[in-house]
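Before any comments, here is the structure.
The values are calculated or read from the model by the stated rules, or taken from the named source; none is laboratory data. Owing to the predicted nature of the structure, the values given are computational and were not obtained by experimental measurement. Virtual Cβ from ideal backbone geometry, glycine too; neighbours counted across all protein chains shown. Just so you know, the surface numbers come from the protein's heavy atoms only, side chains and all, with ligands and any DNA or RNA stripped out. Shrake-Rupley method; radii C 1.70, N 1.55, O 1.52, S 1.80 Å.
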Amino acid sequence: MRNLNKKLNMLKNKHLLGLKEYPAKDLKTIIDTAYNFKTVLDRPIKKVPSLQGVTIVNLFFENSTRTKISFELAQKRLSADTVNFSASSSSLKKGESFKDTAQNIESMKIDAVVMRHPTPGAANHLTNFIDSVVINAGDGTHEHPTQAILDMMSLHEKFGKLKGLKVAIVGDILHSRVALSNIYGLTTMGAEVMLCGPSNLIPVHLKELGVKVSYKINEALDWADAVNVLRIQRERMGKSLVPSIREYREMFGITSKKLSLHKKEIVVMHPGPMNRGVEIDGDVADGDQAIILDQVLNGVASRMSILFLLCGGKNSDGER
Ligand code: CP
């Protein structure tokens with residue numbers, strides 16, 4: 001294995017597993033570099049040779065639309081060689097272990113793995129078996145670092161800063177890897193974070209991370225510059241933790257009526273996939289206050305930046 005990143009990784013950590021204690025300097029480098037790559041996406045030929053000769057495997061053990069396509073596009077835009085693995089059509093179905101699967105794939109001379117897995121800590125676990133760069137594309141209810149980075153880039157793009165920004169994260173915090181990565185990333189970058197939702201969906205220990213908590217949506221909207229609306233993750237709830245979808249929408253759903261009670265314009269974000277008419281109404285998601293599709297575009301630019309910086313890429317002039 002070439003282990004490219006040992007010499008060329010431009011960030012402190014070899015892998016991107018989560019944003020807990022991730023250096024602010026490196027988050028800034030990733031976001032700054034993402035802005036550069038975003039210009040590539042506006043060109044008629046949306047491709048640079050930055051990761052020519054680098055081989056990346058996308059290991060997806062769980063469904064994904066945005067993250068999977070976004071990583072694949074980012075890899076193609078950077079001229080990397082990419083291979084997609086789908087657990088449902090692999091030899092895992094014949095009983096092969098996670099470790100054997102990972103080691104067999106790595107022995108084919110790859111440089112990096114992007115992995116989504118339903119088990120918290122799975123990306124970290126993978127680093128015990130392989131030498132390639134590992135990027136966590138979401139591990140169960142634990143972390144989703146690249147989502148938080150694209151969210152921060154989108155906030156930075158909208159407001160011109162992260163420091164001092166007031167971001168309310170609303171909804172099912174308990175089951176949300178997006179929430180945890182955003183809390184780590186935003187607080188590291190000097191933003192203020194408020195969590196809002198039903199009390200049974202906000203773990204009390206999160207207060208120790210320096211965030212505010214409110215159980216009243218109007219209080220959160222009154223405070224916030226931006227609101228990041230989370231999906232009600234019915235597939236992760238063993239039993240229903242909200243009394244009914246109608247009551248949830250009534251109490252916490254982001255509707256134009258609730259937004260109109262506040263004089264300032266609040267920026268509305270959602271990581272997707274959305275439950276329209278549950279945590280967010282369709283007219284809000286499609287309205288001027290929402291930057292949801294900007295987040296998706298910034299996802300490609302952010303992932304280009306992350307891959308470039310972790311895999312020792314060349315710039316658009318072919319220089320390392
Ligand atoms: N935001 C996000 O992770 O979406 P997908 O599950 O579609 O990748």
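Key figures for this structure:
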quantity	calculated
Residue 123 being in a helix (DSSP H, G or I), open to solvent by less than 10 Å² (accessible area, probe 1.4 Å), in the same structural domain as residue 61 (by TED's automatic domain parsing) and closer than 28 Å to residue 59 by Cα	yes
Pair list, Cβ < 7 Å and 6+ apart or interchain, from the range 150-171 residues that are at positive phi to residues that are assigned to a helix (DSSP H, G or I)	171/252
Residue 3, sole failed condition from (1) more than 22 Å from residue 148 (Cα to Cα); (2) open to solvent by 40 Å² or more (accessible area, probe 1.4 Å); (3) modelled with pLDDT under 95	(2)
Test: residue 304 is more than 16 Å from the ligand (Cβ to nearest atom) and under 23 Å from residue 143 (Cα atoms)	yes
Residue in the range 50-66 that is farthest from residue 303 (Cα to Cα), counting only those that are surrounded by fewer than 18 Cβ atoms within 10 Å (Cβ to Cβ) and more than 15 Å from the ligand (Cβ to nearest atom)	53
Criterion violated by residue 157 - all others in (1) under 25 Å from residue 255 (Cα atoms); (2) within 16 Å of the chain's Cα centre (by Cα); (3) part of a helix (DSSP H, G or I) satisfied	(2)
Residue in the range 272-281 that is farther than 22 Å from residue 151 by Cα, open to solvent by 40 Å² or more (accessible area, probe 1.4 Å) and either in the same structural domain as residue 164 (by TED's automatic domain parsing) or touching a residue at least 40 places away in the same chain (Cβ under 8 Å) (or both) present	no
Residue satisfying all of: in the range 92-106; surrounded by fewer than 12 Cβ atoms within 10 Å (Cβ to Cβ) and assigned to a helix (DSSP H, G or I); modelled with the lowest pLDDT among these	93
Condition broken by residue 84, with the remaining ones in (1) open to solvent by 30 Å² or more (accessible area, probe 1.4 Å); (2) within 24 Å of residue 202 (Cβ to Cβ); (3) within 16 Å of the ligand (Cβ to nearest atom); (4) touching a strand residue (DSSP E or B) at 6+ places or on another chain (Cβ under 7 Å) satisfied	(2)
Number of the condition not met by residue 38 [criteria: (1) within 17 Å of residue 122 (Cα to Cα); (2) surrounded by 13 or more Cβ atoms within 10 Å (Cβ to Cβ)]	(1)
Among (1) outside the structural domain of residue 252 (by TED's automatic domain parsing); (2) touching a His at 6+ places or on another chain (Cβ under 6 Å); (3) of a type outside the set (Val, Ile, Thr), the one test that residue 117 misses	(2)
Single match in 109, 76 (criterion: open to solvent by 20 Å² or more (accessible area, probe 1.4 Å), touching a strand residue (DSSP E or B) at 6+ places or on another chain (Cβ under 9 Å) and either within 13 Å of the ligand (Cβ to nearest atom) or not in a loop (DSSP other than H, G, I, E, B) (or both))	76
Conditions (1) open to solvent by less than 60 Å² (accessible area, probe 1.4 Å); (2) closer than 21 Å to residue 111 by Cα; (3) within 16 Å of the ligand (Cβ to nearest atom); (4) of a type outside the set (Ser, Thr, Tyr); number of the one not met by residue 69	(1)
